[in-house]
Amino acid sequence: MVEDNHNITLWGEDIPWLFGLREKGRQTTKAIGLPNAKTEAWKYSHFAPTILDTYHIDTTPHHCDENCHCHDEKASTPFAAYYIKFCNGKLANEHFDLPAGVTIKSLVEAIFDGDAKAYLGKSFDLEKFPFAALNTAYLEQGVMLTVERGTVLDRPILLHYHQHYGTPQINHLRNIFVLENRSKATIIEYFTAESNAEYFNNLVNEIYVREAAQLQHYVWQNEAVAARHVALTSVEVRKDGTYNCFCAQSECVLARHESYIRLQQEGAAAEVNGVYRLMHSGVSDITTNIAHLAPHTVSNQLVKGVVGGAAKGVFQGQIHIAPDAQQTEGYQLHRALILSDDAEVDAKPELEIFADDVKCSHGNTCGDLDAEQLFYMQSRGIDLETAKQLLIEAHINEAFEKINDNNVKTWLKKNF
Amino acid sequence: MVLLKIENLTAGVAQKEIIKNFSLTINAGEVHAIMGPNGAGKSTLSYVLAGKSDYEVTSGKAWLNGQDLLQMKPEERANAGLFLSMQYPVAIPGVSVSNFLKHAVNAKRKYAGLPELDAAEFLKLLRSAAKELGISAEMLKREINVGFSGGEKKRMEILQMSLLKPQLAILDEADSGLDIDALRVVAEGVNKLRTADNALLIITHHNDLLDLIKPDFVHIYADGHIVRSGDANLALELEQSGYKSFLEEV
Ligand SMILES: Nc1ncnc2c1ncn2[C@@H]1O[C@H](COP(=O)(O)OP(=O)(O)OP(=O)(O)O)[C@@H](O)[C@H]1O
Ligand SMILES: [Mg+2]
């Protein structure tokens with residue numbers, strides 16, 4: 001896997017700290033390997049390491065033809081946004097029409113300019129995250145986004161990642177988002193592909209939410225059915241800052257959205273909400289680790305899932321409350337519908353509470369559609385299939401209601 | 001014209017026989033009332049007729065407009081003109097009253113070969129029907145039956161009935177939990193539906209609703225079947241004597 005790819009050349013191997021960081025990624029990957037059945041955080045969604053051998057890393061520049069979505073401004077969403085486009089794991093545009101107070105650079109440029117060094121690999125320990133370690137060994141593609149103090153963005157920033165059909169490819173993508181004090185932004189990450197594409201997106205976001213800054217982060221993993229997607233979003237939230245995430249996962253072989261969130265200072269708040277719906281054979285995994293490290297911090301999670309066929313849904317939610325994090329609140333709720341005998345849901349809530357003055361709760365329910373509700377609808381002339389769809393929609397919609405941005409809510413509800 | 005014919009129906013739930021050799025014929029234009037003690041099986045009868053799947057028919061037959069009712073799916077029965085106002089209407093979190101009813105109304109229209117109503121057309125229809133029943137527009141936006149009071153649920157059942165315009169409506173304790181005004185509203189709703197082509201089967205414990213509706217027939221139901229039938233006066237007689245004397249007859 002890592003060793004096999006000596007022949008590839010990455011940008012900036014002559015920059016000592018960058019080389020050192022990648023080397024650390026390589027060494028960590030060698031030391032800890034890929035997750036297996038014994039890796040607690042991957043208990044339900046690990047896969048044979050040999051599968052990675054089926055993907056290659058492409059370091060050649062990507063040239064797509066003019067019909068590719070990345071040349072079409074409005075191809076992504078029905079509402080206006082600042083577009084950042086990736087095509088086959090490569091940043092496809094480098095000019096962004098941005099208002100004052102916002103900068104977006106390719107990761108390479110941000111490294112070259114010296115902006116990235118203070119943030120790259122600083123928000124988590126590689127040892128805990130095998131795929132992030134691998135990502136670090138190959139880091140090159142991605143963007144750094146900075147929203148300056150007090151800047152409030154008028155439209156969302158949309159990162160649209162698209163994959164074409166071709167030789168199975170693994171994309172190691174790495175982004176840094178920095179929201180300086182009192183800034184406000186909405187970031188949407190949208191993943192699409194040609195329907196028959198086979199690929200592996202291995203993504204790491206490092207997000208820094210500074211004092212009283214607010215980030216709305218929306219992710220739709222609308223990958224091809226044969227795709228794998230593993231993402232780590234590592235977030236630091238400072239005083240009175242807010243990080244709100246919503247993740248939607250559609251059918252694919254594996255979709256994992258892992259949030260690693262540190263509420264570092266008083267008044268910091270985070271939400272991770274999401275929906276997944278898999279009706280065939282894929283695995284959907286939402287894993288969260290939220291650490292309350294200071295008093296008066298709040299976290300909320302609501303994840304609603306639907307599995308049918310032989311699909312599997314995984315929800316792992318860790319809430320950690322540090323000894324001096326008094327008067328904190330941490331809530332977590334996962335509800336899944338299991339629509340067939342072969343479908344499976346694994347849920348693992350973990351609360352580690354070391355403070356005494358806290359409000360904390362977690363809940364988890366899994367079950368079939370309610371027979372009484374179905375009959376009630378049928379008795380009003382609604383056919384069984386439609387009745388089921390209505391109940392499934394109702395189930396999922398509860399989570400969609402957590403989306404603050406109305407454009408995004410409408411777009412996702414309509415297209416998910 | 002015979003609308004509903006039930007012949008020697010025996011049915012139950014959870015291995016328990018509840019309806020025993022039950023027969024009843026309802027013609028178009030008629031209003032029938034069924035009264036009977038708690039636990040006698042009145043709601044069970046209504047569920048069996050509406051097609052609830054956990055209820056099992058062991059023998060007997062039933063026809064709606066000549067169609068073999070027991071072979072039909074619940075939604076087919078509804079679209080063919082049957083409506084059941086439930087004793088305990090079901091709450092469906094996440095589904096609004098208006099969305100629910102739009103699906104129901106359009107399902108029926110589709111079945112009848114009519115074009116489906118768009119949102120604007122439907123909402124107009126819904127709002128005027130709701131207004132007649134004293135249901136606020138706010139209520140229509142709420143999740144159906146979620147947190148509704150007993151009376152609000154019953155009004156909602158009547159609203160559904162008035163929109164779906166069934167040929168045969170079974171009202172299972174549509175009057176329970178209603179205040180005096182609501183009772184009048186329900187009775188008006190019922191009377192509006194009362195035409196030469198339609199029929200109603202009213203299950204109730206109280207004469208108040210029957211006073212307002214004036215049924216053509218009253219049946220006393222006990223131990224799984226009708227033990228005595230008569231006209232509206234039977235309900236008054238029952239009020240005086242209680243079930244005891246009727247049960248002893250059998
Ligand atoms: N799902 C079930 N499982 C077991 N017993 C049931 C079930 N449903 C109904 N029963 C029983 O069948 C009998 C008839 O119930 P049903 O609800 O039809 O009575 P009812 O005549 O409508 O009474 P009420 O006047 O109180 O509404 C009762 O003894 C009840 O407990
Ligand atoms: Mg009853």
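The values are calculated or read from the model by the stated rules, or taken from the named source; none is laboratory data. Remember, predicted model here, so these are calculated numbers, not experimental data. Because the Cβ atoms are built from the backbone with ideal geometry, glycine has one as well, and the counts that use them run over all protein chains shown. The accessibility values were calculated without ligands, DNA or RNA, using every heavy atom of the protein model including side chains. Shrake-Rupley method; radii C 1.70, N 1.55, O 1.52, S 1.80 Å.
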Which listed residue, of B:167, B:87, is within 14 Å of another protein chain (Cβ to nearest Cβ) and within 16 Å of ligand 1 (Cβ to nearest atom)
B:87
Counting only residues that are within 16 Å of ligand 2 (Cβ to nearest atom), open to solvent by 60 Å² or more (accessible area, probe 1.4 Å) and in contact with a strand residue (DSSP E or B) (Cβ under 8 Å, 6 or more places away or on another chain), how many does the stretch B:206-250 have?
1
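Conditions tested, residue by residue: (1) closer than 30 Å to residue B:101 by Cα; (2) more than 14 Å from chain B (Cβ to nearest Cβ); (3) not aliphatic (A, V, I, L, M).
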{"position": "A:317", "(1), (2), (3)": "no, yes, yes"}
{"position": "A:356", "(1), (2), (3)": "no, yes, yes"}
{"position": "A:383", "(1), (2), (3)": "yes, no, yes"}
{"position": "A:407", "(1), (2), (3)": "yes, yes, yes"}
Leading residue by the ranking (farthest from the other protein chains (Cβ to nearest Cβ)) among those in the stretch A:385-405 that are crowded, with 16+ Cβ neighbours inside 10 Å and farther than 17 Å from residue A:247 by Cα:
A:388
Taking the stretch B:34-74 as the search range and keeping residues that are part of a strand (DSSP E or B) and within 12 Å of ligand 1 (Cβ to nearest atom), which one is most open to solvent (accessible area, probe 1.4 Å)?
B:56
Matching residues in the stretch B:105-156 - criterion: being without any contact (Cβ under 8 Å) to a residue 12 or more places away in the chain, out of contact with any helix residue (DSSP H, G or I) (no Cβ under 8 Å at 6 or more places or on another chain) and part of a loop (DSSP other than H, G, I, E, B):
B:113, B:114, B:118
Search the stretch B:1-33 for residues being within 9 Å of ligand 1 (Cβ to nearest atom) and either open to solvent by less than 30 Å² (accessible area, probe 1.4 Å) or of a type outside the set (S, T, N, Q) (or both), and hand back the single one that is farthest from residue B:75 (Cα to Cα).
B:16
Just checking, does the stretch A:320-342 include any residue being outside any strand (DSSP E or B), within 25 Å of residue A:220 (Cβ to Cβ) and of a type outside the set (Phe, Trp, Tyr)?
yes
Please find, within the stretch A:363-381, the residue that is nearest to the other protein chains (Cβ to nearest Cβ) out of those that are farther than 21 Å from residue A:312 by Cα and open to solvent by 70 Å² or more (accessible area, probe 1.4 Å).
A:372
Right, residue B:80: under 21 Å from residue B:160 (Cβ atoms) and small (Gly, Ala, Ser) or not?
yes
Does residue B:211 satisfy being farther than 11 Å from residue B:34 by Cα and within 16 Å of ligand 1 (Cβ to nearest atom)?
no
The stretch A:237-275: number of residues that are open to solvent by less than 30 Å² (accessible area, probe 1.4 Å), under 24 Å from residue A:368 (Cα atoms) and either of a type in the set (Val, Ile, Thr) or touching a Cys at 6+ places or on another chain (Cβ under 8 Å) (or both)
3
Name the single residue that is most open to solvent (accessible area, probe 1.4 Å) among those in the stretch B:123-142 being within 14 Å of another protein chain (Cβ to nearest Cβ) and more than 18 Å from residue B:193 (Cα to Cα).
B:141
